[in-house]
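These notes concern the structure reproduced below.
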Amino acid sequence: MLKTVTVNCFKVFSPLYYPLKASKISNSIRVMSTATNIPLVDIDPTGVFKYILLNVYDKDKNAAEPQVTIVRGYKRCNYHSDIYDEVQAKLSPLDCEPLGGGRISHDPDNKKIHIYGYSQGYGKADHEVAAKLVKEAYPGYTISISDEGY
């Protein structure tokens, strides 16, 4: 039987008969906070919204090379920088670097995602990189890109 313990928003599982020691907690967090455990794509399930493409760096590793590139897009964020602020806060202590932005039109009924436009603050993301990541996350979808539009 396992007991769930929440530590700094991470769930750590431990056997009921085995108390969780502080050193075990920090080791679990370190393992779970690596960039390799982050979903590559996190976008809203429907609608048109802004998105950003980000490099994520693990502060414990070589900071010169990103550990992973991710896509994030949410209707609730009015500005591309709002998405960045939200993602950076969620992924702390990892470090994020915005590579650019744009818009995503997500139509789940027709299984279509269109990636287009640019961010006034971060510039245009490489939509081909974003499309490749989105295609892996949504394999049954038709993914299209365009440099047109805002």
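No lab work stands behind these numbers, since they all come straight from the coordinates. Since this is a predicted model, take the numbers as computed values, not measurements. Please note: Cβ atoms are built from the backbone with ideal geometry, for glycine as well, and neighbour counts cover all protein chains shown.
Which distance in nm do the two modelled labels at Asp44 and Lys124 give, with both placed 7 Å along the Cα-to-Cβ direction? Roughly 2.4 nm, to one decimal.
Would you please classify the overall shape of the stretch 93-150 from the alpha carbon gyration tensor, given that a ≥ b ≥ c denote the square roots of the eigenvalues, rounded means a/c under 1.5, and beyond that prolate means a/b larger than b/c while oblate covers the rest?
Values: a/c = 2.36, a/b = 1.37, b/c = 1.72.
Here the stretch 93-150 falls in the oblate category.
If the label point is 7 Å along Cα→Cβ of Asp109, which residues in the stretch 127-142 have backbone nitrogen under 18 Å from it? Backbone N within reach: 141-142.
Per-residue extension of 0.36 nm, minus the Cα-Cα distance of Tyr141 and Asn78, leaves a gain of 20.1 nm for this segment.
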